[in-house]
Amino acid sequence: MAPPPTEDPDPSEYLFVSLEQKRKDQTMPYDGKKMVWVPDEKEGFIIGNIVSTKGDQVTVDCPGGDRVLKKDLLQQVNPPKFEKTDDMSNLTYLNDASVLHNLKQRYYSKMIYTYSGLFCVVINPYKRFPIYTNRVVQMYKGKRRTEMPPHLFAVSDGAYNDMLQNREDQSMLITGESGAGKTENTKKVIAYFANVGASSKKEDKERLSKKGNLEDQVVQTNPVLEAFGNAKTVRNDNSSRFGKFIRIHFGGMGKLAGADIETYLLEKARVISQQPAERSYHIFYQLMSEGLPGTREKLVLSDDIYDYHFVSQGKTDIPGVDDGEEMRLTDHAFDVLGFTDEDKSNIFKIVAAVMHLGEMKFKQRPREEQAEADGTAEGERVGHLLGVNPADLYKNFLKPKIKVGNELVTQGRNKDQCTYSVGAIAKGMYDKLFKWLVKKVNETLDTKQKRQHFIGVLDIAGFEIFDFNGFEQLCINFTNEKLQQFFNHHMFVLEQEEYKREGIDWEFIDFGLDLQACIELIEKPMGVLSILEEESMFPKATDKTFEEKLKNNHLGKSPNFVKPKPPKPGQQEAHFAIVHYAGTVPYNLTHWLEKNKDPLNDTVVDQFKHGQNQLVVDVFEDHPGLGGGDQGGGGKGRKKGSGFQTVSGLYRVSSSNMAIKP
């Protein structure tokens, strides 16, 4: 006999401060004249009592002994009635120490959400709390913000009700450093809107037996996008390596009417290389897990991930994550979203082909610049999966045709050129597959129902500072810098304009200016990206010439461009550092020129476009192949008169588009 259904666990202790705790907090000792926050290297701030003052020097009695500090380093302590307050804008003294203390105390009491005026601050507990159940959804539905404790659902419900009452589109911005929990919160927001906007019509609920209803489909976009766009990084086991703006559309009565997703540049480099503590995209390991029996056999994969160099340079598993179970969830999500068995089979074949491409080997012919194939078994597997002739595939890597003027000529390639070309094709094919998946998901979510308004949710890759920061980190951090400026403008500048309209005496502060110098250093003419693009056009440019050009233009001239600190033992040396809003990041520019050019072998692309795997033909549809007359990897959106669209150029366009969306 099946066990009786269990009720949702009680979420109270994760949302409310208990009466007992409140009473305890109120009895804490407090002396507003003597008690101060003292900066501390280990704790951030500790509480001390002023003993004496001499000029601007203050002696403070602290745990561990007296300290003598300058007066302006001390911060005032709030009365006990504000202990664990759920909105920090209520604090009498709104200083760094009080904000950190309040967040810390709430976090220790399992309350991860705290308001700060218009914002909701979230601290990642790195464990599952029972505060996203249907019971909690019902608690927050239709409630005023002041009626309930802080929660993401309260912010979501506010956006939903503002949309219905004011008849205006709404946006939610989810921002924070890498590993802060942005993607998890985005998923909860989407699930909430799917729930409150769910249709009650029975016929809408019971559409095709395999294909789910709209609410399920909106929620099931996550497993698919995460499998192909998320990976383990140093600080985060499920890090989004792309940005996304999700519009959830509603009809006039507030019922769900569809959704669409816009994605911003996927981190392609991860497809073929990972740092030691990191992993590539989840889908590679899901396919190897045999979560769907017989998958490896169909994709001619062995049972050892280390047979595939492209995806085994770092970690190959994640503690506490069952890749087999995740594979089944991904497969189920594909079904709910209406992907056919043929679609799924071709998707998996392309992913497996990327793994096999990494095993294609070449050797140098003695006394010649020309390379030759070093065994053909790997290429035969790629040919089998992509529906192309393997002998021609090797020939096209070894001796591609290039356009010179109006004529096609054959160009001999050496071993390194062939290896690099294979990597570029693998990255390009995966990137285009990801874009195709998003397009296909959008087609499913386009219900053709009347759309009245939408709520947009922006979730981007988080700010990163690692021991080694390369081209990918610069792109991600630049996007964050732009977004933070947009965020500051809308949340602070517009707020201050409201104060002016209401006649409040207020000294205007332009928070956006804090970031302008860094943004200009990166994106303006003769900025970092501009110099990178310029150097990418010169055949003889090297990492060294790029470094010299950067330093000549910016070192000592741009305050945000500085010398990096000496590396710690075991760390690689950085070439320069940039002062970002979230911290100073040292960058190593090795291989940036090659990563930025990222050219695809047009002869190989041409072969794929005429292959028997229809999905490969579709994903390369926008690439001109040999007809394009250049070595570019872009297709659409290519600059007029340029040989190819650089990665940095695409990033600049992408970040500009993103900054105006919400």
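Things worth noting here:
- One residue from K84, K110, K104 being of a type in the set (D, E, K, R), in a loop (DSSP other than H, G, I, E, B) and either within 29 Å of the chain's Cα centre (by Cα) or within 23 Å of V196 (Cβ to Cβ) (or both): K110
- Any hit, the stretch 546-566, residues being assigned to a loop (DSSP other than H, G, I, E, B), of a type in the set (S, T, N, Q), surrounded by fewer than 13 Cβ atoms within 10 Å (Cβ to Cβ) and touching a helix residue (DSSP H, G or I) at 6+ places or on another chain (Cβ under 9 Å): no
- Test result for V58, touching a helix residue (DSSP H, G or I) at 6+ places or on another chain (Cβ under 9 Å), crowded, with 17+ Cβ neighbours inside 10 Å and assigned to a strand (DSSP E or B): yes
- Any chance V99 is of a type in the set (V, I, T) and surrounded by 14 or more Cβ atoms within 10 Å (Cβ to Cβ): yes
- Among the residues listed as D8, D61, the single one being touching a residue at least 24 places away in the same chain (Cβ under 8 Å), farther than 18 Å from E83 by Cβ and of a type in the set (D, E, K, R): D8
- Output for the stretch 373-398, where each listed residue is within 15 Å of M429 (Cβ to Cβ), assigned to a loop (DSSP other than H, G, I, E, B) and of a type outside the set (G, A, S): V388
- Scan of the stretch 22-38 for residues that are at pLDDT below 95 and in contact with a helix residue (DSSP H, G or I) (Cβ under 7 Å, 6 or more places away or on another chain), ordered by number: D25, Q26, M28, Y30
- Residues satisfying the stated conditions in the stretch 93-148, i.e. among the charged types (D, E, K, R) and out of contact with any helix residue (DSSP H, G or I) (no Cβ under 8 Å at 6 or more places or on another chain): D96, K104, R106, K127, R128, R135, R144, E147
- Test set (1) closer than 18 Å to S648 by Cα; (2) at pLDDT 90 or above; (3) not in a helix (DSSP H, G or I) - P539 fails condition number: (2)
- Failed condition for T444, given (1) surrounded by fewer than 19 Cβ atoms within 10 Å (Cβ to Cβ); (2) polar (S, T, N, Q); (3) modelled with pLDDT of 90 or more; (4) in contact with a Leu (Cβ under 9 Å, 6 or more places away or on another chain): (1)
- Residue match in the stretch 392-400 (condition: of a type outside the set (S, T, Y), at positive phi and free of Cβ contacts under 8 Å to residues at least 12 places away in the same chain): no
- Residue check for A269: within 15 Å of the chain's Cα centre (by Cα) and either farther than 30 Å from V196 by Cα or without any contact (Cβ under 8 Å) to a residue 12 or more places away in the chain (or both): yes
- When the stretch 427-475 is filtered for residues that are of a type in the set (D, E), in contact with a helix residue (DSSP H, G or I) (Cβ under 8 Å, 6 or more places away or on another chain) and farther than 21 Å from K188 by Cα, the ones remaining, listed by number, are D431, E464, E472.
- Flag for D343 being free of Cβ contacts under 8 Å to residues at least 40 places away in the same chain and of a type in the set (D, E): no
- Within the stretch 220-234, at least one residue is among the polar types (S, T, N, Q), touching a Gly at 6+ places or on another chain (Cβ under 9 Å) and modelled with pLDDT of 90 or more.
- Matching residues, the stretch 332-369, being buried (at least 23 other Cβ atoms within 10 Å of the Cβ), over 26 Å from the mean Cα position of the chain (by Cα) and hydrophobic (A, V, I, L, M, F, W, C): L357, M360
The values are calculated or read from the model by the stated rules, or taken from the named source; none is laboratory data. Computed from a predicted structure; not experimentally measured. Positions of Cβ are backbone-derived with ideal geometry, glycine not excepted, and every protein chain shown enters the neighbour counts.
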